[in-house]
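J.: Quick one: this structure, given as structure tokens, is what I'll be asking you about.
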Amino acid sequence: MRIDLVEIFRVELPLVRPWRTASGDEPAVGSLLVRMESGGQSAWGEAAPGLAPRYSSEWAAGAFALVRDWLAPRLVGQFIESGAALQERLAPFKGNPFAKAALDTAWWSLEATRRGVPLYQLLGGHRDTVSVGADFDVLDSVGDLLTAIGGAVAAGFPRIKLKFRPGWGLEMLRVVRQEFPRETIHVDLNAGYRLDQMELLARLDDFQLAMLEQPLAADDLVDHARLAQVLRTPICLDESIRSPAHAEQALDLGSCRYVNLKPGRVGGLTPALEIHHACRAAGVACWVGGMLESAVGARLCQALATLDNCTYPADIFPSTRFYAQDLADPPLELVAGPDGAPAARALDLPGIGTAPNPERLAAVCREQAVLRG
Ligand code: MG
């Protein structure tokens, strides 16, 4: 397809509750939305690196400038016939996976729209419905957490994800496991620990957790491989997998038994597919996570989660979890899956079937740029 136009929007999406991170609270999600046009048709992509460079070295205002000044000019007016061809045109610019993902996801969304098929089918998924898990951040008390987990278990969520941090660690887990001895539970350590804390990390083996998500530094693969040799509990990498090359190295080293796939973190759906296929060949399972995107980004994640090696329930949330009103229509709502458990189902429409509402987009837009071929 010829890329006739790329329109970029930097938005700040106000959250219902501030998002708690290890380095501070964020009141809103900083995200990039891209509308790509070809032959009179258009579709949307999204990547949400956040307001500040906390999750990774990227942030929304920086990614916006990069897409406007360097990346999008490499695409407009060009014939881009595949996701690989798009990535090749962006390859001279190092790193910055979220910025690249904003364009890559728009290309996939547009290609599916042009072909008149739902995106998940174009990606190679064979099911329209994916199972989703329940996640709980650090809450005000462990009592509050027990109540929240009880609600999720009663609602049929197939797995529970918890944070693990100083002050919200072994004691919290002990109480949770006592109350919920058989539920599938895993913890996300968000790169907060070091290999010399092995004694503490080894004690996590006592809790029959499904996995430890990103225990060590965000740029590490080698220490994770060392840790994996000591622990019985599987390790899942999230922050450390920023490209297919990182995934290949992690697989070679034996750094993980699961990979959390986020299209934004790895540069878009094209590299996410590559990582998915490499993991499948190595017998390492994937599952899809999100970055609190609008329903546009959540639908992109949902399409990716339909692939056959995405076997662990995804982090896909209904719009109401984070937003008083989603930026996009229709909002994402959970449905009852085949087994009655909460699930996310793809819309039976070309592409992702979702687009920002123009008035709401204007209200949250902080910067906008248009590039024509
Ligand atoms: Mg994580």
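J.: Answer with yes or no whether R232 is within 28 Å of E46 (Cα to Cα), among the charged types (D, E, K, R) and not in a helix (DSSP H, G or I). First the steps, then the outcome.
T.: Numbers: within 28 Å of E46 (Cα to Cα): no; among the charged types (D, E, K, R): yes; not in a helix (DSSP H, G or I): yes.
For R232, the condition - within 28 Å of E46 (Cα to Cα), among the charged types (D, E, K, R) and not in a helix (DSSP H, G or I) - is not met.
J.: So, in region 275-327, how many residues would count as being in a helix (DSSP H, G or I) and either of a type in the set (G, A, S) or surrounded by fewer than 22 Cβ atoms within 10 Å (Cβ to Cβ) (or both)? Steps first, please.
T.: Taking region 275-327 as the starting set, the residues that turn out to be in a helix (DSSP H, G or I) are 275-282, 295-304, 319-321.
Okay, now just the ones that are also either of a type in the set (G, A, S) or surrounded by fewer than 22 Cβ atoms within 10 Å (Cβ to Cβ) (or both), so 277-278, 280-282, 295, 297-298, 303, 319-321.
The total comes to 12.
J.: Of all residues in region 192-209 being assigned to a loop (DSSP other than H, G, I, E, B) and surrounded by fewer than 20 Cβ atoms within 10 Å (Cβ to Cβ), which is nearest to the chain's Cα centre (by Cα)?
T.: First pass over region 192-209, keeping only residues assigned to a loop (DSSP other than H, G, I, E, B): 192-194, 208-209.
After this cut, where a residue has to be surrounded by fewer than 20 Cβ atoms within 10 Å (Cβ to Cβ) as well, the list is 192, 194, 208.
On the way: G192: 19, R194: 24, Q208: 25 Å.
Going through the qualifying residues, I end up with G192.
J.: Going by what's in this entry, would C256 be described as in a strand (DSSP E or B), within 24 Å of P234 (Cα to Cα) and at pLDDT 95 or above? Spell out the reasoning first.
T.: Details: in a strand (DSSP E or B): no; within 24 Å of P234 (Cα to Cα): yes; at pLDDT 95 or above: yes.
No: the conditions fail for C256.
J.: Further, regarding this structure: I'm told P271 meets every condition in (1) under 19 Å from the mean Cα position of the chain (by Cα); (2) surrounded by fewer than 17 Cβ atoms within 10 Å (Cβ to Cβ); (3) away from the ligand (no atom under 16 Å from the Cβ) except one. Can you identify the failing condition by its number?
T.: (2)
J.: Let me ask something additional. Residues of region 122-178 being more than 23 Å from G290 (Cα to Cα) and among the basic types (K, R), which ones? First the steps, then the outcome.
T.: Kept after step one, since they are more than 23 Å from G290 (Cα to Cα), are these residues of region 122-178: 140-144, 146-147, 150, 154, 166-167, 169-178.
If the condition is that a residue be more than 23 Å from G290 (Cα to Cα) and among the basic types (K, R), then R174, R177 are the ones that fit.
J.: Among residues belonging to region 228-251 that are away from the ligand (no atom under 16 Å from the Cβ) and closer than 24 Å to Q87 by Cα, point out the one that is surrounded by the fewest Cβ atoms within 10 Å (Cβ to Cβ).
T.: Applying the first criterion (away from the ligand (no atom under 16 Å from the Cβ)) to region 228-251 yields 228-232, 243-245, 248-249, 251.
This time we only want the ones that are closer than 24 Å to Q87 by Cα, so: 243-245, 248-249, 251.
Values: S243: 16, P244: 20, A245: 12, E248: 16, Q249: 16, L251: 19.
Per the criteria, the residue is A245.
J.: Then there's this: Has region 68-89 got at least one residue that is within 23 Å of the chain's Cα centre (by Cα), more than 18 Å from E274 (Cβ to Cβ) and surrounded by fewer than 17 Cβ atoms within 10 Å (Cβ to Cβ)?
T.: So far as region 68-89 goes, no, none of its residues is within 23 Å of the chain's Cα centre (by Cα), more than 18 Å from E274 (Cβ to Cβ) and surrounded by fewer than 17 Cβ atoms within 10 Å (Cβ to Cβ).
J.: Let me ask something else about it. Being buried (at least 21 other Cβ atoms within 10 Å of the Cβ) and assigned to a helix (DSSP H, G or I) is the filter here, so list the residues in region 210-227 that pass it.
T.: The answer is H224, L227.
J.: Take the residues of region 177-191 that are buried (at least 16 other Cβ atoms within 10 Å of the Cβ) and farther than 19 Å from L231 by Cβ: which is farthest from the ligand (Cβ to nearest atom)? It would help to see each step written out before you state the result.
T.: Quick first cut of region 177-191, residues buried (at least 16 other Cβ atoms within 10 Å of the Cβ) only: 177, 180, 183-191.
Within this subset, residues satisfying the condition of being farther than 19 Å from L231 by Cβ are 180, 183.
On the way: F180: 21, E183: 19 Å.
Only one residue fits best here, namely F180.
J.: Here's a follow-up. Go through (1) assigned to a strand (DSSP E or B); (2) surrounded by fewer than 20 Cβ atoms within 10 Å (Cβ to Cβ) one by one and return the number of the condition L51 breaks.
T.: (1)
The values are calculated or read from the model by the stated rules, or taken from the named source; none is laboratory data. Predicted, not measured: the structure shown is a model, and the values here were computed from it. Neighbour counts are summed over all protein chains in view; Cβ atoms, including those assigned to glycine, are modelled from backbone coordinates with ideal geometry.
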